[in-house]
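K.L.:
This is the structure, below, for whatever I ask next.
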Amino acid sequence: MIEVEHLTKRYGPTTAVRDLSFTVRPGHVTGFLGPNGAGKTTTLRMLLGLVAPSGGTATVDGHSFRHHPRGLRHVGALLDAHDVHGGRSARAHLRALARSNRIPAGRVDEVLAEVGLTGTAARRRVGTYSLGMRQRLGIAGALLGEPPVLLFDEPLNGLDPEGVLWVRELFRRLAGEGRTVFVSSHLMSEMEHTADQLVVIGRGELIAAESLTEFAARGTAPTVTVRTPDAGALTMVLTAAGAEVSTYDEETLRVSGVSAGRVGELAFEHRFLLRELTTQAASLERAFMELTADSVEYLAGADAGEARGAGAELREVRR
Ligand SMILES: Nc1ncnc2c1ncn2[C@@H]1O[C@H](COP(=O)(O)OP(=O)(O)OP(=O)(O)O)[C@@H](O)[C@H]1O
């Protein structure tokens with residue numbers, strides 16, 4: 001179990017992490033989400049004892065990583081895929097890691113096969129690797145000691161679609177084996193098919209720590225799209241039934257506040273012809289943007305107003 005309690009990190013006038021507390025449990029893939037600069041990397045570095053906190057604690061199974069004698073056999077991590085000597089081969093790099101962590105050398109070929117760096121790829125200098133290949137090597141390094149706890153900082157960066165699918169399956173399998181898998185990303189679209197638990201931060205502070213399902217429920221309610229030649233008359237019926245209706249085009253309505261089933265029943269009762277009746281689930285991406293809108297440091301032009309506006313809307317709803 002990863003426990004972060006009142007964790008704070010200041011760099012001069014910048015507070016990268018502020019009074020952050022959360023728990024990450026074994027048996028789950030937990031996504032660590034936040035916009036750029038939210039403090040994810042700083043938190044992971046504190047967990048690994050690479051950066052000293054200004055306050056609070058970050059522990060794995062009750063110990064700080066620095067004081068854990070089993071090193072890579074206890075916590076495996078991929079922080080920065082570029083953090084590997086470019087002149088070495090993948091195999092030489094992993095052999096050195098294995099030696100210094102007293103891990104049997106036989107594990108090196110096992111993890112290379114696991115991440116798909118076999119044959120000539122394993123013998124090539126890491127300096128010639130693409131970002132995706134470096135990510136695979138970083139993941140191999142994290143898996144080397146078969147640790148019960150795994151930390152990954154933006155592991156999907158640079159991976160091709162096949163690589164993304166492979167990583168997702170790998171993480172699920174590792175969690176299924178009872179390990180703790182903690183994965184950072186600044187993109188909800190990456191996490192929504194990867195994680196089942198979420199820790200969301202913005203400007204170094206905790207915004208949410210809950211399951212993906214709970215997080216989804218915070219977002220915009222699902223909407224129903226209805227296509228009918230009787231759009232005007234159906235709008236009146238739906239509004240009378242308590243729905244909110246907006247017109248998309250002369251045949252298409254967007255309906256919220258009632259289910260697709262109820263729209264179907266009302267249309268049947270009033271003998272309206274329906275050409276389409278579909279539900280759009282709440283978008284997790286939208287919920288994430290709304291929730292973090294006020295903590296986004298780097299916004300481009302027009303998006304800034306829109307995202308902040310969305311944040312304000314959500315606060316209205318919560319009140
Ligand atoms: N060594 C440092 N010295 C000064 N400021 C730092 C240092 N490391 C991080 N910061 C600042 O702390 C804040 C959090 O940075 P961090 O890299 O932890 O965020 P992040 O969530 O990982 O972002 P990204 O998704 O962009 O990698 C940023 O404002 C960053 O500029």
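K.L.:
With unit charges on the beta carbon (Lys/Arg positive, Asp/Glu negative), name the residue among VAL199, MET236, LEU112 whose Cα is farthest towards the positive pole of the charge dipole of the range 101-238.
P.N.:
LEU112
K.L.:
Residues in the range 8-49, backbone N under 17 Å from the label point at ASP80 (7 Å along the Cα-to-beta-carbon vector): list them, ranges by number please.
P.N.:
11, 37-49
K.L.:
For ARG125, ARG66, what's the fewest-to-most ordering of other Cβ within 10 Å of each Cβ? Present the calculation step by step, with values, prior to reporting the outcome.
P.N.:
On the way: ARG125 13, ARG66 9.
Exposure proxy ranking, most exposed first: ARG66, ARG125.
K.L.:
Using amide H atoms built 1.01 Å from N in the peptide plane, name the residues 5+ places from GLY27, or on other chains, whose amide H lies under 5 Å from its own.
P.N.:
Residues meeting the amide H criterion: GLY178, ARG179, THR180, VAL181.
K.L.:
Another question, if that's okay. Given DSSP loops and a limit of at most 10 other Cβ atoms within 10 Å, what is the longest stretch of the chain that contains no such GluC sites (Glu not before Pro)? It would help to have the intermediate numbers written out before the result.
P.N.:
Values: sites that count: GLU250, GLU297.
The reported range is 1-249.
K.L.:
Pull up all non-local amide H partners of PHE32: gap of 5 or more, or a different chain, and H-to-H distance under 5 Å with H placed in the peptide plane.
P.N.:
Correct list: VAL183, SER184, SER185, VAL199.
K.L.:
Considering only DSSP beta bridges whose two residues both sit in the range 2-212, what percent are antiparallel, to the nearest 5?
P.N.:
Details: 20 of 38 bridges.
If we restrict to bridges inside the range 2-212, about 55 percent are antiparallel.
Read-outs: derived from the displayed coordinates by stated rules, not from any lab. Keep in mind the model is a prediction, meaning the values are calculated, not measured. Cβ: placed from backbone, ideal geometry, glycine included. Neighbour counts: every protein chain shown.
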